[in-house]
Structures are given as structure tokens and as C-alpha cells.
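Peer 1: Can you keep this structure in mind? I'll have questions shortly.
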Amino acid sequence: METELLRWIVLLPLLGFFAGVFAARTNRPELARFTGPAVVLAAFVVVLISVGRLWSLPADGALVDKMFTWIEAGPLSIDFTFRIDRLTSVMLLIITGVGSLIHLYSLGYMDHEPDVARFFAYLNLFVSSMLILVLADSLPVLFIGWEGVGLCSYLLIGFWYKDMNNADAGQKAMIANRVGDAAFLIGMFLLFWSLAQVGTASLNLQSINEQAPLLAEKLPWVPTVVCLLLLIGATGKSAQIPLYVWLPDAMAGPTPVSALIHAATMVTAGVYMIARLSFLYVEAPGAMDVVATIGALTCLFAATMAIVQDDLKKVLAYSTVSQIGYMILGVGVGAFAAGIFHLMMHAFFKALLFLCAGAVMHALHGEIRMSHMGGLGSKMPITAKTFLIAAMAIAGVPGFAAFFSKDMILEAAFVSGHTLQWALGLIGAGFTGFYVFRGYFRTFTGESRLDPEVAAHVHEMPRVMTVPLMILAVLSIVGGWIGLPFGLLWGDAIGHYLSPSLATPHGHHGHPTTGTLLFLMTLATAVALFGIWWAWTLYAKSPQLLETVYARTRGVYTVLWNRYWVDELYDTLIVDPYKRTSRFFWKGVDAVFIDGLVNGVGAVVTWNAGVWRRLQSGNVSHYALGMLAGAVLLAGATWLVLQN
């Protein structure tokens, strides 16, 4: 169905960006405070209207908005077209819905920020870029949004750029993403070349999915290679092994930025891209096994680092890496709908966790170390209760969001025969319960460890910040009920809704038996509850046990505290050699050879000019003598020529 409505989903936040730039240049912060949240809320309304129209179409129907032909070069024809199907509709509701709440929260959080206009300009551009990525009907248009969110992450992570640590964190995010993006481009080029060999040369997403079986038949190695290259791009955007290292440092940005990056936009891009190309991925089972393994390893790996962090936002950062690992695991085992389902639930409870952390940080005048908190529940009751709801949601407490979505992924991994990946994800569930409730108990319960001057001024946040918390808390409670186990009440409604947009893996094993399902749900719940119980024991019931546990696990704690020395390893193997090579080319090749060559030419010209300058004495008699000598030489040369 053709419609021109879709372009306004992107244009409204883009107009907010230009309004923010104008407000920053003319020193009108109130203009940015109004337009920043308003345009995203307006985009959310347009999304609701569009989704309403989509629901009136057949299950495989779509809304299309073709604006213009962007590239026309030989066999390559790229239209700048937006398209909404059922998968896109879910992503749009998350981006604009949760994004609106984060923008509203930002009004209170950034209330005293003098550069608030620039903040909202970047935030609007971020949302606009993510919307382009999701709405794109072709890989090149998707790549515009893909690069846009990478640029905005750099701008927002380093928002307070005068602090060198913040600037470095922004650069780290940019560089890590460029590595993944290079692989993404190579995969896109290879895919276009391959389709030109076997079918119709195209980078249109629908055409790629339709031709995927033919491509696998004619060039069976291509889908695997392309999917692995695109996966490398996904590990950059979605912060998976080995390119996850930028995300923990992204906490340098303002907390609403952390919530937007971690919950509603950038880190979900890789998961969405794999789901969008699910028909291609199912033709590359080897690549899907790699996807599932990376997701499972990242899930557990990041969770182990989260359990020792003292910075509350760092706990949540590693939590994001871990939870995205579950999503990658889901799409890797072919449970594409379950991966998107967990993406949606994660948007609710992770945005809530970050906004609660921001409220705490705001109340404590920038303090974010849990060792300097404690007992905040009585002074910030709304923040404490909503954080507790989000903690139960991410931990998988029965009835809350991740109880349904995370279990669905683990069940799919087990039933599909990915036993090792299932086991890693199961252990990760225990660590999840531990680290999130460790954060809750250390922050909101027990005795206060606040500095007396800070403690005297702690209070609950204004409504502009607490209302988004309460809305997200409700969604974290009820959201998971749209995906129930098969045969229970309305069943997997979200999976049924998404199925026309997603592929079914070859050799799909169907639904687990009731006995298997109950066993897997009970086991996953028991592991998560054990993690919660252990956190309660150590940080609420018997804190004196901490010294004993620390004494017995000192070596493990050291490894986890140093984050497995991965950053140091990258510095040794990649960063330092790159710097030394660059220094050699700078001082050896550039400064000595190239500059020497250029400067040498200049020196020769200068010397030559100096020689001839001596002949320019200004003495007329010398000039006359020179002319006479020249005439004699010319006459002599003429005579010699005539003689010969």
C-alpha cells in the first residue's frame, strides 16, 4: 500500500535536530526543550496511525513510501524508500515510544545543563537515524541509518567533551564501530556481486530474501560468508564479542543517552538486521551456529564482569551486553521472533533501570558508586520501587517481562540442539539475577553510606522524571504477557504477529512438549531465583559473609575486576602496533622521505635562484659586458654551424 505518511516518522525528529541546532546557535534553550521531546512524541503518533493502517492489510502486507531514486548506475538501482511490515512496526513502536519517555525524562535530568540545545539536537538526530535504519527498504539506505547512529553515539557519549575521558570514550565507540562497518560493507558488496551472477542484481531487502534460496543453490558458500561479514558488523553495533569493548565506556555520556543507546536504539540494530535478513541467514546454518555461539558466550562473559562493578551504570552497561547476547542467541538458533520479543522487553526494563540510575545520580549530585550509596529506598521511594520492578523483570521472576522472552530463547536453543549455548545462557540467567539485585540492595537498602552533606539533600525526582519511570514499570510487568507458552491462553501472540516477516529455519523442530517446557521453565526460574537469593544473602541478610567469599575468590575477583584484561590485550596486539606503525610512517616516511623530498626540491630551487641572483648586480656596465659576451658566443655558434 502506497502512502506518503512514513517519511514524516523520520522527518519530524530530523526537524527537531535542525531546531536544536538553531536554538544552540541563537542561545534559545527553551526552544530545544520544547521541540526536542515534542517531535519524537509526534513521530510516535504517526507510527500509531501507520501501524493502525498496517493492521487493516493482510498479514504479509506492507506500507511503502517511495520518495525518489537515489542511485542509478548500471545494474545498481536504489530507491530511497521506506517500508513498514510487522517486524518494522514493532521496532518503530519501541524507538518512538520509549524514545519519547527518555526525551521527557531528559527535561528534568538536563534541567541545569547550559548546552541543553545541543543535547536535544544530537538526541533527535539519533532517533532519526535509527528510524531510517529500521524503515529502510534496501541495504544502502539501511546503512545510512547504521552510520548515523554510529556518528550520534560518538557525539552523545562524548557530549561533555572537555573531559578527556569522555572524549576518549566517544572515539573508542567510533573506532570499534568502524571495524564492524567495514565488514558490513564488504558483505554488502559481495552480496550484490553474487546476486548479479545467479539472479537479479539487487540490494533491496525483499529481493535479497526472495533470492536467498537460489543464491544458496548456485553459490552455496556465499550466504555463509556474507552472513558472517554482516555478523561482524552486528557485533560492532550490538556490542558483542569481540567488539563489545566500547559499550561499558559509553557510560561517559549523560544517563538519558545511555538509556537511549542501550534500550531503544543503537545496540538493537544488529539484532534487527539479522532478523530482517532472516531468509538469507536460514540458508547459512553454519553462520547461524556462529551467531548463536557468539550470543551465548557474550551473554555469560559480560554477566560475569557485571557482578563485580562498583559503578551502578557500569553494572547496567555489562548487563546490556549480556542481554543483547540473549537476543543474538535467539536469532542464531532460528527463534527470530523470540529474539525480537526479548528486544522489546529489554527496551522496557533496561530503559527503566538506566533512568532509575540517572535519578539516583541526579539526587546524589553525580555520585554513581554503589559503595557510596545505601538506604536510598526511604528517600526515593518511587525510584526504588520502579528499579525493583525492572530488576525482577530482567532477572526473569515469573510474571515479569524476561520470564517469558528469555525463557523462550533458552527453550528454542535447547529444542534446536544447541545444548552448549543453552547451558551458557542458563548460567547467565543466574548471574543476571545476582548482579541486578546486588545493585538494588547496595543502592536502596541497608545502612546509608552517603556523605553527610549529600545525604541531607537527597529527595525524590520531579514528576517529569518519575512519570516515565512508572510507565516503563507498568510495561515491564505486563509486556511479557504478549508471548505466552504455546497452548496457554492466547499463546505466543507476538510470535504469531511477527511470523509473516520472519523466516522459519530448515528442519524446524516445532514446539517443545509440555513436560520439556515445564522442566526448562522451572530450571531457568530456579537458577535466576538462586542468583537473587545469593545477592540477598551477601548484601542484605549477612553482609559479613562478603569478606569470606572475597577471600576464597580473590583470584577470580581480580580477573573479573580487570575485565579479563581484554582492553589491555587489544592495546598490546592492535592499538600499540598501530601507533608504532603510524609513528614510523609519520617520522620516518612522511617527515624524512616525503618532507625531505619536497623540502629538497625547494632547497635546490633556492640555491639555483641564489646563484643567478648574484648576476643581478644592478651595474649597467656589467649588463653591457654580459650582452657583448652573449653576442660573441652567438656569433661564434652561428659561424660553427655555417662551417659544418
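The values are calculated or read from the model by the stated rules, or taken from the named source; none is laboratory data. This one's a predicted model, so the numbers in the text were calculated from it and none came from an experiment. So basically every Cβ, Gly included, is an ideal-geometry build from the backbone, and we count neighbours across all protein chains shown.
Peer 1: Which condition does Pro543 not pass, out of (1) in a loop (DSSP other than H, G, I, E, B); (2) within 32 Å of the chain's Cα centre (by Cα), if it passes all the others?
Peer 2: (2)
Peer 1: Continuing with this model, one more query. Return the residues of the range 130-184 that are of a type outside the set (S, T, N, Q) and not in a helix (DSSP H, G or I); say none if nothing qualifies. Give the steps one after another, and end with the answer.
Peer 2: First, pick out the residues of the range 130-184 that are of a type outside the set (S, T, N, Q): 130-137, 139-152, 154-164, 167-170, 172-176, 178-184.
Matches in the range 130-184: Ala136, Asp137, Gly158, Phe159, Trp160, Tyr161, Lys162, Asp163.
Peer 1: Let me ask something else. What are the residues in the range 572-624 that are modelled with pLDDT of 80 or more and in contact with a Gly (Cβ under 8 Å, 6 or more places away or on another chain), if any?
Peer 2: Correct list: empty.
Peer 1: Considering only the range 403-411, I want to know if a residue exists there that is in contact (Cβ under 8 Å) with a residue 60 or more places away in the chain, part of a loop (DSSP other than H, G, I, E, B) and of a type outside the set (Gly, Ala, Ser).
Peer 2: no
Peer 1: Taking the options Gly596, Gly531, name whichever one is surrounded by 11 or more Cβ atoms within 10 Å (Cβ to Cβ), assigned to a helix (DSSP H, G or I), out of contact with any strand residue (DSSP E or B) (no Cβ under 9 Å at 6 or more places or on another chain) and in contact (Cβ under 8 Å) with a residue 60 or more places away in the chain.
Peer 2: Gly531
Peer 1: Among the candidates Leu560, Leu538, which residue alone is surrounded by 15 or more Cβ atoms within 10 Å (Cβ to Cβ) and under 26 Å from the mean Cα position of the chain (by Cα)?
Peer 2: Checking each option against the conditions leaves just Leu560.
Peer 1: Something else now. Under 8 Å between Cβ atoms, at least 6 apart or on separate chains: pull out the pairs that start in the range 32-45 with a residue that is within 13 Å of Tyr122 (Cα to Cα) and outside the structural domain of Arg118 (by TED's automatic domain parsing) and end on any residue that is in a helix (DSSP H, G or I) and at pLDDT 95 or above.
Peer 2: none
Peer 1: In addition: Checking the condition of a type outside the set (S, T, N, Q), in a helix (DSSP H, G or I) and touching a Pro at 6+ places or on another chain (Cβ under 8 Å), which residue from Leu101, Leu92, Leu87 passes? Spell out the reasoning first.
Peer 2: Numbers: Leu92 fails: touching a Pro at 6+ places or on another chain (Cβ under 8 Å); Leu87 fails: touching a Pro at 6+ places or on another chain (Cβ under 8 Å).
After ruling out the rest, the residue left standing is Leu101.
Peer 1: Are any of the residues in the range 480-492 at pLDDT below 90, within 24 Å of the chain's Cα centre (by Cα) and within 30 Å of His362 (Cβ to Cβ)?
Peer 2: Yes, that holds for at least one residue.
Peer 1: Any residue in the range 11-31 that is farther than 9 Å from Asn124 by Cα sitting within a Cβ distance under 9 Å of a residue that is among the basic types (Lys, Arg)? List the pairs, counting only those 6 or more apart or interchain.
Peer 2: Close Cβ pairs satisfying both conditions: Val21/Arg118; Phe22/Arg28; Ala23/Arg33; Ala23/Arg118; Ala24/Arg118.
Peer 1: Taking the residues in the range 383-399 that are under 15 Å from Trp481 (Cα atoms) and surrounded by fewer than 24 Cβ atoms within 10 Å (Cβ to Cβ) as candidates, determine which candidate is nearest to the chain's Cα centre (by Cα).
Peer 2: Val397
Peer 1: Looking at (1) over 24 Å from Ala528 (Cα atoms); (2) at pLDDT 90 or above; (3) assigned to a helix (DSSP H, G or I), which one does Asp249 not meet, given that it meets all the others?
Peer 2: Evaluating Asp249 over (1) over 24 Å from Ala528 (Cα atoms); (2) at pLDDT 90 or above; (3) assigned to a helix (DSSP H, G or I) leaves (2) as the failure.
Peer 1: Just to be sure before I move on: is Leu538 modelled with pLDDT of 85 or more and either under 22 Å from Ser405 (Cβ atoms) or assigned to a loop (DSSP other than H, G, I, E, B) (or both) in the structure I sent?
Peer 2: In short, no.
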